[in-house]
Amino acid sequence: MRTFVRCGQLFTGREDDTRADEILVFDERGMLDYVGPEKGSPRRVRSDKILDYSGCFVMPGLIDVHTHLAYGNAKSEEDIDLYSPLEFRALRGMFFAQKVAAAGYTAICSPGDAGQISLSIRDAIRAGLFDGPRVMAAGPYLTTHQGLTDWYPTWIGAPETSIGKLVTNINEAIEEVRRQVKNGVDCIKLALDGIQRRPDGELIAAFTQEETDIITRESHRLGRKVISHSVGREATLYAARAGVDLIFHGFDLDEECIAAMLETGSFLCPTLTHPKNLIDFTQPHEPAAQKGRVEQTERRYRLGCANLKKAKAAGVPFLPGTDTGFAITPYGEWHARELELFVADLGFTPAAALRATTEAAARFMTGGDGIGVLEPGRFADFIAVDGSPLADIGVLQDKSRLRAVYIAGREYRMADRPYDPRQVTDFALSNWTDLYTQARVAELGALPRRRLEAAE
Ligand SMILES: [Zn+2]
């Protein structure tokens with residue numbers, strides 16, 4: 001049995017333009033065997049199925065290379081690391097993975113999660129136990145006492161349930177790579193940004209160049225890709241020189257970083273959605289606002305986009321990713337905002353943004369030669385949209401315009417299930433973000449209750 005899909009406009013991921021009135025034909029395994037005009041297509045027999053999306057824009061399923069399945073819409077780093085057991089996080093991660101698929105994202109990379117959560121979700125979906133997106137999985141970030149994800153004081157260390165695996169020398173790093181590969185990760189995540197700054201403000205990388213080289217070489221030797229978290233110039237440069245496959249952020253990159261990226265072929269995922277959501281959505285009472293992070297992020301975002309545009313102009317390949325999994329970037333909500341920001345803030349055309357999130361992203365993904373483009377020999381992973389993202393890239397964020405999502409030729413649907421967010425994350429013990437001194441209370445005009453009673 002074959003399925004014939006009528007498409008109004010077809011964007012294959014291979015070209016910038018759409019094709020009108022073409023069809024997709026896929027077989028029982030969900031593999032495309034024909035993409036083209038209806039005449040010239042395989043002959044239809046009575047048992048074949050027809051799907052009519054002749055009023056829709058049909059394109060490959062979207063890919064987000066930066067979605068953390070274990071974070072659970074976290075409100076704090078402690079939320080991510082401490083408060084819930086890994087087993088709960090895995091169940092929660094499966095639920096949220098399904099929300100991501102329902103938003104049209106048929107494949108994601110989950111780059112750095114505690115335990116073996118992402119790879120367990122990947123395997124459960126792959127085995128057919130649950131419907132969900134294709135998942136490319138990493139384990140915990142490799143970090144040092146100078147790296148992010150080693151958040152807590154040395155007397156606490158990086159707990160077993162943390163997203164960071166603390167390695168204190170190169171032998172431990174190699175051992176961790178081999179352990180994770182044995183357990184089945186698709187990629188190794190490096191926390192390459194440090195926590196110290198030079199007098200001029202530059203972030204000092206968490207690993208040395210030599211350590212980055214050795215870890216990357218060992219991961220590649222074992223057939224795994226490497227992803228780095230690199231905001232700082234030095235962390236970006238070390239990653240690019242080492243041949244890290246995908247660099248996150250890169251906001252402080254310079255000409256030297258660009259040259260190294262072009263030389264080794266690193267992809268760059270700037271991840272604009274997280275900082276942009278932080279800037280646009282953070283309310284004044286939030287700790288992030290109280291700590292001045294909004295202004296700080298705004299400044300960094302502006303400088304970052306200016307640097308990133310240079311990398312784009314030089315030909316560095318960009319992949320869309322969102323850092324979904326935080327309270328500011330909940331699952332299934334803002335993935336396609338990244339494409340809008342690629343257009344608005346980095347100067348991508350809508351077509352280039354769409355190709356970045358399909359064909360280009362697939363080149364990075366494990367098993368990527370089977371997805372990302374609608375052509376024979378690849379899976380029928382596609383979405384049907386009411387309206388053209390080429391005319392308005394923002395249409396991909398409008399859930400009411402997403403008509404259908406198919407993964408390997410099977411329609412993916414998720415009933416909209418309400419859930420209690422307070423039982424999902426935010427198990428922190430903190431109760432206040434303000435400090436109620438007498439002066440502060442007077443400033444707030446909040447009279448002590450005793451005096452209120454007396455006044456009555
Ligand atoms: Zn991230």
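The values are calculated or read from the model by the stated rules, or taken from the named source; none is laboratory data. Given the structure is predicted, the values throughout are model-derived calculations rather than measurements. All Cβ positions, glycine included, derive from the backbone under ideal geometry; neighbour counts span all protein chains shown. Ligands, DNA and RNA are excluded from the accessible area calculation, which covers all protein heavy atoms including side chains. Shrake-Rupley method; radii C 1.70, N 1.55, O 1.52, S 1.80 Å.
Restricting the range 154-213 to residues that are open to solvent by less than 50 Å² (accessible area, probe 1.4 Å) and among the charged types (D, E, K, R), the residue that is farthest from ILE121 (Cα to Cα) is GLU202. Restricted to the range 307-329, and to residues there that are away from the ligand (no atom under 16 Å from the Cβ) and among the small types (Gly, Ala, Ser), the residue that is least open to solvent (accessible area, probe 1.4 Å) is ALA311.
Residue count for the range 4-17 under the criterion of being surrounded by fewer than 19 Cβ atoms within 10 Å (Cβ to Cβ) and not basic (Lys, Arg): the result is 4. A Cβ distance below 6 Å, combined with a sequence gap of six or more or placement on separate chains, defines the contacts here; from the range 25-44, residues that are within 14 Å of GLY370 (Cβ to Cβ) and open to solvent by 80 Å² or more (accessible area, probe 1.4 Å) reach no residue that is among the β-branched types (Val, Ile, Thr) and not in a loop (DSSP other than H, G, I, E, B). Answer yes if at least one residue in the range 136-144 is more than 15 Å from the ligand (Cβ to nearest atom), touching a residue at least 40 places away in the same chain (Cβ under 8 Å), open to solvent by less than 10 Å² (accessible area, probe 1.4 Å) and not hydroxyl-bearing (Ser, Thr, Tyr), and no otherwise. No - not one qualifying residue is present in the range 136-144.
Taking only the range 16-33 into account, find how many residues are in a loop (DSSP other than H, G, I, E, B) and either of a type in the set (A, V, I, L, M, F, W, C) or touching a helix residue (DSSP H, G or I) at 6+ places or on another chain (Cβ under 7 Å) (or both). Looking only at that region, the number is 1. What's the total number of residues in the range 331-364 that are surrounded by 24 or more Cβ atoms within 10 Å (Cβ to Cβ) and either part of a loop (DSSP other than H, G, I, E, B) or touching an Asp or Glu at 6+ places or on another chain (Cβ under 6 Å) (or both)? Here the count works out to 3. Among the residues of the range 397-434, those that are at pLDDT below 90, farther than 19 Å from PHE95 by Cα and open to solvent by 60 Å² or more (accessible area, probe 1.4 Å) comprise LEU429, SER430, ASN431, TRP432, THR433. Inspection of the range 275-286 finds no residue satisfying the criterion of being within 16 Å of the ligand (Cβ to nearest atom) and open to solvent by 70 Å² or more (accessible area, probe 1.4 Å).
What is the one condition in (1) more than 14 Å from the ligand (Cβ to nearest atom); (2) under 28 Å from VAL405 (Cβ atoms); (3) not basic (Lys, Arg) that ASP150 does not satisfy? Unmet condition: (2). Give LEU268, LEU253 a once-over and let me know the one that is within 16 Å of the ligand (Cβ to nearest atom) and at pLDDT 95 or above. Exactly one residue qualifies, and that residue is LEU268.
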